[in-house]
Amino acid sequence: MRNDRPPLFRGMLAPIIGILALLLLWHLVCSLGHISPYVLPSPQKVGQTFLKMARSGEILRDVLVSFRRVIRGFGIAFLLAFLLAVFRIAVPVSERFTAAFIQFFRSVPPISLIPLLILWCGIGEQTKTIIIILAAFFPMYLAIVKGFTSYDPKLLEMARVFSCSPLRLFLRVVLPSAVPDILLGMRTSLGYAWRAIIGAEMVAASTGLGHMILFAQQMSRTDKVIVGILVIGIAGSVNDWLLGCLIRRLAGRRAAHGWD
Amino acid sequence: MAGIDLVQLRKAYTVDQRRIPILNGLDLSIPEKAITVVLGKSGCGKTTLLRLIAGLETPDSGQIQLPGNQRTAFVFQEPRLLPWLSVQGNVQFPLKRAEIQPDETRWMLRTVGLTGFEQALPHQLSGGMQQRVALARALLYHPTLILMDEPFAALDHFTRVEMQQALLDIQQKTGASILFVTHSIDEAMTLGNKLVILAGGVIRSAYTLTDPHPRDLLGSEMIELRRRIMEDINTH
């Protein structure tokens with residue numbers, strides 16, 4: 001009988017039980033009265049605050065602001081990573097000149113560059129876009145380079161025998177071979193970009209989810225802080241899910257055979 | 001179009017700082033519009049010979065004289081299919097958009113017994129079916145020269161016989177020159193117009209077969225030829 005259940009229900013049952021158990025535990029901890037509601041408001045209070053903020057449009061406005069910033073920065077980071085990875089494989093010697101530079105910036109958390117970027121660019125959109133680009137670029141660049149260099153040389157040999165031009169070799173063999181790595185890099189980078197924008201908005205913004213949390217903390221509204229954290233988690237998961245859908249759509253049948 | 005001439009071809013590989021000669025001044029004429037079969041023991045340089053002609057390797061010395069308008073296809077030992085393309089996509093892979101003729105693709109897939117699998121991905125096919133896709137890909141390219149490196153080794157007996165017949169039919173229809181490498185003496189005698197035995201990095205012997213197809217391999221002349229080929233291969 002278990003196998004007759006719809007797959008959607010089977011897939012969602014366990015997570016729903018987990019969430020309900022956590023809410024129950026949270027409710028019990030608050031009911032005991034040992035922790036001040038200022039430090040940890042009850043789930044009911046957080047739920048009421050969430051509904052109030054949702055009705056007023058406050059949440060949606062901040063989510064859209066953060067989302068727009070992530071998409072813009074992520075798009076630019078992808079374009080840069082792709083073009084530089086193409087350059088890296090077209091001119092292999094360039095790796096020797098850029099390896100140290102890339103390793104250095106890969107090790108520097110983008111958030112640590114915020115003071116410098118504020119000095120250079122102010123607290124406008126430019127600073128936040130640069131933070132997202134820095135956060136998203138490196139995982140994507142490294143994944144794309146790996147994809148471009150880990151093709152099967154036997155397939156390239158086959159294509160060469162059939163007199164394929166270098167451009168055709170790239171478009172028909174190297175690029176499709178790299179698709180799984182590129183998609184994986186995009187997915188990882190999107191997570192990094194989402195985390196970076198929240199951090200950047202907490203320091204240099206007057207809108208967005210990061211700013212909302214910080215402002216709520218300054219106003220001693222712990223319930224709003226928790227609502228903000230929950231919304232960030234949900235929005236990040238939705239972001240990842242949307243990219244997953246896009247990947248499945250682009251990869252078509254390949255996604256069903258381990259290409260996703 | 002003239003055939004292909006190989007003159008004093010030499011090739012060696014270096015493994016662990018040790019030089020291993022593969023071809024030692026090989027001379028060979030590959031006639032046009034005929035099937036030339038190369039026979040020999042493992043490691044005698046058969047695959048190296050094909051790779052040199054295909055331009056995948058460069059000889060240490062010697063010459064490869066190819067006709068000017070050569071269009072070469074290669075059927076490798078393994079299918080080398082693009083895993084993200086369907087059977088149809090793989091077969092049409094070497095062709096430019098303007099060269100694709102759907103009717104011809106359908107005919108070719110029917111010839112190699114893959115009708116109904118046009119949209120299948122390579123991992124959904126058996127090893128033998130994948131090799132047939134590779135064969136169809138090479139034939140659909142309209143090559144003037146087809147290099148074949150034990151292309152039927154992975155096929156079962158019945159499919160192998162079918163593929164041999166299909167190859168003969170297509171070769172007669174297109175007039176392509178074929179250089180075919182195999183371990184099987186029976187296969188060599190079934191297909192070849194010219195059989196060459198490679199041993200010690202040179203052509204040890206060569207035989208010309210003029211019998212029409214299909215050939216009776218149990219005839220006395222064929223049995224005698226078989227014995228001589230085995231001697232040539234084994235006495236090195």
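What follows draws every value from the coordinates through simple rules; no lab data is involved. Since we're looking at a predicted model, the values are computed, not measured. Methodologically, a virtual Cβ is constructed for each residue, glycine included, from the backbone with ideal geometry; neighbour enumeration extends over all protein chains shown.
At an R0 of 51 angstrom, the distance between the Cβ atoms of residue B:205 and residue A:83 translates into a FRET efficiency of 0.30. Legend: P(r) of chain A from all alpha carbon pair distances, 5 Å bins from 0, whole percents, reading 1, 5, 10, 12, 13, 13, 12, 11, 9, 6, 4, 2, 1, 1, 0, 0.
When you restrict to C-alpha pairs under 8 Å that are six or more residues apart and normalise by the size of region A:137-226, the relative contact order lands at 28 percent. What does the charge dipole of region A:117-260 about its Cα centre add up to, to the nearest 20 debye, if the Cβ of each Lys and Arg holds +1 and the Cβ of each Asp and Glu holds -1? Its charge dipole is roughly 440 debye.
Computed FRET efficiency, Cβ-Cβ of residue B:213 and residue A:218, R0 60 Å: what is it to the nearest 0.05?
Once rounded, the FRET efficiency stands at 0.10.
Near residue B:204, the amide H atoms lying under 5 Å from its own belong to B:197, B:198, B:199; only residues 5 or more places off or on other chains count, and H is placed 1.01 Å from N.
Taking each DSSP H run with n ≥ 4 as -39500 (n - 2.57) and averaging over every residue of the protein assembly as shown yields -18500 deg cm²/dmol at 222 nm.
Relative to the longest principal axis of the Cα atoms of chain B, the long axis of helix B:157-174 lies at roughly 90 degrees. Under 5 Å between amide hydrogens, built in the peptide plane, is the criterion, and for residue B:153 it picks out nothing among residues at least 5 positions away or on other chains.
Over all residues in A:153-161, what is the mean tally of Cβ atoms on other chains that come within 10 Å of each residue's Cβ?
Counting Cβ atoms of other protein chains within 10 Å of each residue's Cβ and averaging gives 6.
Subtracting the Cα-Cα distance of residue B:78 and residue B:24 from 0.36 nm times their residue separation leaves 16.8 nm of extension gain. Taking Cα atoms only, the orientation of helix A:209-218 departs from the longest principal axis of chain A by about 30 degrees. Taken residue by residue and averaged, Cβ atoms of other chains lying within 10 Å of the Cβ of A:162-168 number 3.
When peptides A:73-81, A:91-99 are ranked by their average number of other Cβ atoms within 10 Å per residue, the highest-first order is A:73-81, A:91-99. Along the axis of the charge dipole computed for the protein assembly as shown (Cβ charges of +1 for Lys and Arg, -1 for Asp and Glu, origin at the Cα centre), the listed residues A:26, A:155, B:113 are led at the positive end by A:26.
The C-alpha atoms of chain B define a longest principal axis, and helix B:102-111 lies at about 60 degrees to it.
Relative contact order, percent, of region A:39-257 when contacts are C-alpha pairs under 8 Å separated by at least 6 residues?
Numbers: 229 pairs, mean separation 62.9, N = 219.
Computed over region A:39-257, the figure is 29 percent.
Normalised by the number of residues in chain B, the average gap of Cα pairs under 8 Å and 6 or more apart makes the relative contact order 27 percent.
The charge dipole of the protein assembly as shown, taken about its Cα centre with unit charges on the Cβ of Lys, Arg, Asp and Glu (plus for the first two, minus for the last two), comes to roughly 1720 debye.
Residues in region A:194-201 carry Karplus couplings, in order, of 5, 5, 5, 5, 5, x, 5, 5 Hz; the curve used is 6.51 cos²θ - 1.76 cosθ + 1.60 with θ = phi - 60°, and Gly or Pro positions show x. DSSP assigns beta bridges within the protein assembly as shown; of those with both partners inside it, close to 55 percent run antiparallel. Counting only Cβ charges, +1 for Lys and Arg and -1 for Asp and Glu, the dipole size of region B:84-139 around its Cα centre is about 80 debye. Extension gain for residue B:17-residue B:103 works out to 25.7 nm (0.36 nm per residue, less the C-alpha to C-alpha distance). Near the amide H of residue B:57, within less than 5 Å, lie the amide hydrogens of B:52, all on another chain or at least 5 residues away, with H placed in the peptide plane. Taking Cβ atoms as reference points and 13 Å as the exclusive limit, the residues near residue A:72 contribute a net charge of +2, counting Lys and Arg as +1 and Asp and Glu as -1. The modelled label-to-label distance for the pair residue A:171/residue B:124, using points 7 Å beyond Cα in the direction of Cβ, is 2.7 nm.
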